[in-house]
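To start, the structure itself, in structure tokens.
The values are calculated or read from the model by the stated rules, or taken from the named source; none is laboratory data. None of these values were measured; they are calculated from a predicted model. Every residue, glycine among them, receives a Cβ derived from its backbone with ideal geometry; neighbour counts consider all protein chains shown.
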Amino acid sequence: MIRPFQPKDAPLVLALVRELLPLRVESEASVLRIGNAARCWVAEDGGGVVGFGRVQGRRLWLGVAPAVRGHGIGAALWARIEEHADEPAVCWTDDAAGVAFAEARGFRPTATRIISVLDLAAVDPAESSPPAGVHLVRWPELDAPVDELEAVERADSPDLAPQGSFVAVSDGRAVAYALLTTDERGLAENEFTATLPDCRGRGLATLCKLASIRWAKANGIHTIVAGNDGGNAPMLAINRKLGYRRHHERTELART
């Protein structure tokens, strides 16, 4: 049965998402947040959730439990979410089967994201001092405007680790930051890392990210996941320098 998502579905949807995307930081709270912000449906079978689909603006995503694929569940979910998508619609997938599913519905690959992982047991991040005129603060301690960095919306995640998210401040401005989300499994994800254009080339993103890595290692996190645009060479280089290793590619697709 395909029906609208209900708050009581959050634990079962979370279990499905973690089965399909084991490197994604998600929680019941963030599933509920998605349910409130997007139009969502579940595929229910005998009281269990075997599929989940959502659409918010142009972006669509759906997933079906591997054990029940091939029975039209994905197509049924797609029919529900597609009619509510703005155009040009976009979606993403981590595997070839997902690419084939989307291409059969008129989507074409437009970009690649590199998903990398950092094994914290294999690294020993050294302390580093900020350059002159710059100081680091944790997200809850921030008392500076962040609008230019577009950090406010991203920091609204219920899975944000405030004490493990760091901001570089210079002359009263937030000029760089690295946000971190975590879950109870000991998994963390780099929610976003950015530096203002006029402050790049000074190592500020690396500084913030190193602080997050040190915090994560000291607080029971075993793995940090990062997703970066395939063409973002500077950030990919920073990740390699810090010890991140490429895990897989994520394909983004669009229908025009």
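Looking only at region 85-105, residues that are without any contact (Cβ under 8 Å) to a residue 60 or more places away in the chain and either exposed (fewer than 14 other Cβ atoms within 10 Å of the Cβ) or in a helix (DSSP H, G or I) (or both) come to 7 in all. Considered as a group, the residues in region 160-206 that are under 15 Å from residue 225 (Cβ atoms) and β-branched (Val, Ile, Thr) include one that is surrounded by the most Cβ atoms within 10 Å (Cβ to Cβ), and that residue is 181. Counting only residues that are among the acidic types (Asp, Glu) and in a loop (DSSP other than H, G, I, E, B), region 106-135 holds 2 of them. Checking 13, 123 one by one, the residue that is closer than 21 Å to residue 181 by Cα, in the same structural domain as residue 180 (by TED's automatic domain parsing) and of a type in the set (Val, Ile, Thr) is 123 and no other.
The rows are residues; the columns are (1) more than 26 Å from residue 157 (Cβ to Cβ); (2) not β-branched (Val, Ile, Thr).
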residue	(1), (2)
32	no, yes
37	no, yes
47	yes, yes
56	no, yes
59	no, yes
87	yes, yes
112	no, no
138	no, yes
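The numbered conditions (1) touching a helix residue (DSSP H, G or I) at 6+ places or on another chain (Cβ under 8 Å); (2) part of a loop (DSSP other than H, G, I, E, B); (3) not aliphatic (A, V, I, L, M) are all true for residue 220 except (1).
For (1) over 16 Å from the mean Cα position of the chain (by Cα); (2) assigned to a strand (DSSP E or B); (3) at pLDDT below 95, each residue gets a yes or a no:
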residue	(1), (2), (3)
26	no, no, no
31	no, no, no
40	yes, yes, no
75	yes, no, no
78	yes, no, no
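I'd like to check something: does region 159-169 contain any residue that is outside any helix (DSSP H, G or I), touching a residue at least 40 places away in the same chain (Cβ under 8 Å) and acidic (Asp, Glu)? Yes: one or more hits. Restricting 154, 246 to residues that are within 30 Å of residue 108 (Cβ to Cβ) and either outside the structural domain of residue 120 (by TED's automatic domain parsing) or at pLDDT 95 or above (or both) narrows the list to 246. Residues in region 173-212 that are among the β-branched types (Val, Ile, Thr) and either at pLDDT below 95 or more than 17 Å from the chain's Cα centre (by Cα) (or both): 175, 193, 195, 206.
One residue alone among 149, 160, 120 is in contact with a Ser or Thr (Cβ under 6 Å, 6 or more places away or on another chain) and either at pLDDT below 95 or closer than 26 Å to residue 14 by Cβ (or both), and that residue is 160.
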